[in-house]
């Protein structure tokens with residue numbers, strides 16, 4: 001897996017004629033995006049060695065970069081958005097990072113450390129972090 | 001330099017002559033006050049979160065400067081002196097929801113600047129509960145995970161590994177790991193069809209997408225695509241699988257009814273497609 005490509009962008013594709021409709025630059029080394037439940041925003045992890053390393057938000061109606069969240073040294077493998085749209089969750093080499101979608105600032109990083117991959121149950125109540133040798137099941141806790 | 005409002009800060013105010021601290025002060029010594037500070041802070045925070053306020057000010061004589069903040073009607077003490085022009089980060093915890101206004105002023109050893117313009121900070125209530133508490137662990141294969149996916153039906157989680165041909169299914173209802181299985185090659189990315197009946201998986205360093213039947217965990221089809229297939233997604237109706245073939249600078253669209261490539265798109269180098277409704281955006285790297 002080789003992130004860190006220069007000049008990454010998100011392209012929107014029309015399914016009818018299978019052509020690129022428009023694109024938006026999102027920095028360096030963007031990963032696979034995840035949508036907000038209403039489809040109005042998408043989020044991608046920016047993995048660049050320069051500039052912001054964190055999460056980028058794009059408004060899908062006009063493909064405009066709207067917000068960025070600097071996640072420091074965390075290297076984000078992938079993202080998931082809770083079904084209610086309240087949180088964007090990233091699997092990082094420092095554990096999980098939660099972004100409150102309202103403020104778009106990183107909240108606590110939740111252990112365990114180590115690279116992994118995150119997935120949410122469709123009901124949003126349970127989150128799974130798959131790491132080498134271990135699958136962590138996380139449930140809700142009031143913040 | 002960081003200064004916390006939580007610790008006591010006592011600054012001796014050295015008043016020269018009869019000059020009072022405040023805007024427009026005309027000191028006897030001829031010393032000019034610092035310029036009005038520049039203040040940077042977030043416009044929205046969650047109640048209980050620590051807010052970082054960045055302040056800086058230039059002193060005409062390059063004297064050291066100290067800062068004072070006003071939160072709504074509450075004025076803080078003066079914080080420690082720092083070099084002219086240096087940015088100081090002052091932390092403060094906002095507990096109550098609503099809008100809080102903050103402003104700052106600076107002083108050198110003799111005179112204070114004017115107050116900066118007020119900046120509003122919206123303090124939102126704490127967010128709802130979300131899954132951030134570890135409640136269970138299950139063993140996986142001793143290999144790096146390349147991806148995992150939950151079936152849209154919520155029945156199973158599937159885990160693929162970077163250097164192992166194994167795929168591990170986990171039954172989610174009772175959190176039971178079932179025996180890992182293999183269809184031949186380590187997977188890059190895998191996704192589950194909307195009805196949960198098929199897995200689609202790109203394969204390391206090869207040029208096909210595996211279509212795996214979940215009922216009996218066997219390979220139903222191996223769809224040839226370009227070398228360098230990586231990310232993939234299934235359209236919400238389950239009729240197509242979009243595959244990013246980054247080394248070939250194209251997307252390939254697999255029709256799931258007969259597991260054949262029905263379209264190719266691109267002249268760019270895609271990384272990971274993702275769908276929302278009928279419109280899949282794609283990450284490119286060029």
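The values are calculated or read from the model by the stated rules, or taken from the named source; none is laboratory data. The shown structure was predicted, so the numbers you read here are calculated from the model rather than taken from an experiment. Ideal geometry is used to build each Cβ from the backbone, glycine not excepted, and the neighbour counts take in all protein chains shown.
Of the residues that make up segment B:145-156, is at least one at the interface with chain A (Cβ under 8 Å from one of its Cβ atoms), farther than 21 Å from residue A:139 by Cβ, free of Cβ contacts under 8 Å to residues at least 40 places away in the same chain and surrounded by 17 or more Cβ atoms within 10 Å (Cβ to Cβ)?
Narrowing segment B:145-156 to residues at the interface with chain A (Cβ under 8 Å from one of its Cβ atoms): B:145-150, B:152-154.
Narrowing the set further to residues that are farther than 21 Å from residue A:139 by Cβ leaves B:146-147.
Restricting the remaining residues to those that are free of Cβ contacts under 8 Å to residues at least 40 places away in the same chain gives none.
No, that holds for no residue.
So for segment B:112-119 (the condition being within 14 Å of another protein chain (Cβ to nearest Cβ), touching a strand residue (DSSP E or B) at 6+ places or on another chain (Cβ under 6 Å), in a strand (DSSP E or B) and in contact (Cβ under 8 Å) with a residue 40 or more places away in the chain), does at least one residue qualify? There is no residue in segment B:112-119 that is within 14 Å of another protein chain (Cβ to nearest Cβ), touching a strand residue (DSSP E or B) at 6+ places or on another chain (Cβ under 6 Å), in a strand (DSSP E or B) and in contact (Cβ under 8 Å) with a residue 40 or more places away in the chain.
Residues that are part of a loop (DSSP other than H, G, I, E, B), modelled with pLDDT under 80 and more than 7 Å from chain B (Cβ to nearest Cβ) within segment A:27-56 comprise A:27, A:28, A:29, A:47, A:48, A:49, A:50, A:51, A:52, A:53, listed in sequence order. Between B:96, B:43, B:59, the distinction of being within 18 Å of residue B:118 (Cα to Cα), in contact with a strand residue (DSSP E or B) (Cβ under 8 Å, 6 or more places away or on another chain) and touching a residue at least 40 places away in the same chain (Cβ under 8 Å) belongs to B:43 only. In the condition set (1) under 24 Å from residue B:237 (Cβ atoms); (2) more than 11 Å from chain A (Cβ to nearest Cβ); (3) in a loop (DSSP other than H, G, I, E, B), residue B:194 is compliant with all but (2).
In the condition set (1) at pLDDT 85 or above; (2) within 10 Å of another protein chain (Cβ to nearest Cβ); (3) crowded, with 19+ Cβ neighbours inside 10 Å, residue A:122 is compliant with all but (3).
Scanning segment B:120-144 for residues that are more than 7 Å from chain A (Cβ to nearest Cβ), surrounded by 17 or more Cβ atoms within 10 Å (Cβ to Cβ) and not in a loop (DSSP other than H, G, I, E, B) returns B:121, B:123. Annotation: residue A:117 fulfils all but one of (1) without any contact (Cβ under 8 Å) to a residue 40 or more places away in the chain; (2) within 8 Å of another protein chain (Cβ to nearest Cβ); (3) not in a loop (DSSP other than H, G, I, E, B); the unmet one is (1). Only a single item in (1) farther than 20 Å from residue A:120 by Cβ; (2) more than 9 Å from chain B (Cβ to nearest Cβ); (3) not in a loop (DSSP other than H, G, I, E, B) is not met by residue A:61, and it is number (3). Of all the listed residues (B:253, B:282), the sole one being at the interface with chain A (Cβ under 9 Å from one of its Cβ atoms), at pLDDT 80 or above and in a strand (DSSP E or B) is B:253.
Per-residue answers, yes or no, for (1) touching a strand residue (DSSP E or B) at 6+ places or on another chain (Cβ under 8 Å); (2) more than 23 Å from residue A:81 (Cβ to Cβ); (3) modelled with pLDDT of 70 or more; (4) not assigned by TED's automatic domain parsing to the domain that holds residue B:234:
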| position | (1), (2), (3), (4) |
| --- | --- |
| B:247 | no, yes, yes, no |
| B:260 | yes, yes, yes, no |
| B:263 | yes, yes, yes, no |
| B:266 | yes, yes, yes, no |
| B:273 | yes, no, yes, no |
| B:276 | yes, no, yes, no |
